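Asks: Pasting in a structure now, in structure tokens, and then I'll have a few things to ask.
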Amino acid sequence: MTSWRATAALARAALVAGTGLAGAVVFGSPVMVVLTLPFALFAALGMLQLPRSTPVVDARVDRHTLHEGQGTVSRLLLSETEEVEHVCRVSGRARFVAMKPGDGIVGRLWPGDLDIAISPRRWGSRRPGDEKIALTSGWAAWRWGPVVVLPRTLEVLPARASFDSRAELPQPLGLVGTHRSRRVGTGSEFSSIRPFQSGDPIRRVNWRLSLRTGHLHVISTRAEEDSAVLVFVDASADYGSSGGVDGSASSLDLSVRAAAAIAEHFVRQGDRVALKVLGAVPTQVGYGGGTRHQQRILHALARVQPGRPLERVPQRLDFGVGAGTFVVVLTSLLEEVVTNATAGLVRHGLPVMVIDTLPEGTPMALREGLDPTIADLAWRLRRMERDTLVEQLAATGCPVVRWRGPGTLDEVLHRLARRAAAPTVSR
């Protein structure tokens, strides 16, 4: 609870006026009365305009859910302000939150524009800095506040990384979709021309060949099916430094933004997409499709927190996928349990693709008091172990590629599709 208090200007004017009038009486000098008259007038007007109301202050933002890089406006809401002449608003700085004006200070005569534009620069839960609001009455005689206004936390969704792919998934198993199936069925992709069989629709008859051969022939097509896609994000640690949406990207930045782009791409194709996150708070979104499901995936990615679940990584990681599911693993390849689980999926014949999200030249995080030379040597040894893991993973037939936006998946998907269509020898 706050109240109106006299400002330093009012107290100074009253002191100067009182001192001048007392000196004029004591020394019998009318000049001192003339000199202190403006101060006395200001003090009298200020005392007469003592505010009686109790202002109500609040701050609201236009949107609480944004994509990183987008902006919104924080608006100051005031009521019971009939006696307010000037308002000063100061907003504290917060990491990964940009403001305009840059210093977060706005002062205007009331009523006036006191809005502050804010823009979160990185995905996750972002809380703008605390604000302090101070009100001043007429003649700057009385001040109310400053009071602290706590802003509401913003949910910042990851930006959609530039991504597109024209390749088909290797093993579509659903009922309907955009991928060409290996089996014949209703669709638009030409398969062959064969003799007419009972039950074939008349619209499929190839009349040109039928008239030439004297027997009915029909056009057969390949079925169009969808597929199940699991996007797995390894958030057990975050390597590198993050500069927000406009700066450098850490390993988790690359993973989260790439996962959002891949999920959006396959959802738009009509596939069933699921998300699984290994982090401080394990997160899982089941298979689904459509715009609403895509938003659920984005909100789940915005809540990703780096760290190991229950202070440790499980000895065995279960992806929980079935036959025909296309698995995309986004990892820095520094966690052996993730690499072993991925190799297990490949051995079971599932189409798996690993996207390496470790930034180039990522330095090892230095602990306080650690010798930089020892830290550099330890990081070099860790990179050598990582290279060994990548070679072992590639030896199982699992492709490992770096994220580069559009076209990242195309070549790998083509190879997986050829592998799935190749004849196998049963023993």
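Asks: Can you work out which of the residues in segment 380-395 that are of a type in the set (Asp, Glu) and farther than 17 Å from residue 357 by Cβ is surrounded by the fewest Cβ atoms within 10 Å (Cβ to Cβ)?
Replies: Only one residue tops the list, namely 391.
Asks: Kindly state which strands (runs of 3 or more DSSP E) lie completely within segment 121-181 and contain at least 3 residues that are surrounded by fewer than 18 Cβ atoms within 10 Å (Cβ to Cβ) and modelled with pLDDT of 90 or more.
Replies: 142-149
Asks: Would you please name the residue that is surrounded by the fewest Cβ atoms within 10 Å (Cβ to Cβ), looking only at residues in segment 245-263 that are hydroxyl-bearing (Ser, Thr, Tyr) and assigned to a helix (DSSP H, G or I)?
Replies: Looking at residues that are hydroxyl-bearing (Ser, Thr, Tyr) and assigned to a helix (DSSP H, G or I), I get 251.
Asks: Would you confirm whether or not segment 348-356 contains a residue that is part of a helix (DSSP H, G or I), of a type in the set (D, E, K, R) and at pLDDT 85 or above?
Replies: Within segment 348-356, none of the residues are part of a helix (DSSP H, G or I), of a type in the set (D, E, K, R) and at pLDDT 85 or above.
Asks: Looking at segment 32-75, which of the residues that are assigned to a helix (DSSP H, G or I) and small (Gly, Ala, Ser) is nearest to the chain's Cα centre (by Cα)?
Replies: Step by step, filter segment 32-75, then rank; the result is 46.
Asks: On the given criteria, is residue 63 surrounded by fewer than 16 Cβ atoms within 10 Å (Cβ to Cβ), outside the structural domain of residue 244 (by TED's automatic domain parsing) and within 30 Å of residue 296 (Cα to Cα)?
Replies: yes
Asks: Condition test on residue 242, is it crowded, with 16+ Cβ neighbours inside 10 Å and either more than 19 Å from residue 120 (Cα to Cα) or over 17 Å from the mean Cα position of the chain (by Cα) (or both)?
Replies: no
The values are calculated or read from the model by the stated rules, or taken from the named source; none is laboratory data. The structure displayed is predicted, hence computed values, not measured ones. No Cβ is skipped: glycine too gets one built from the backbone with ideal geometry, and neighbour counts run over all protein chains shown.
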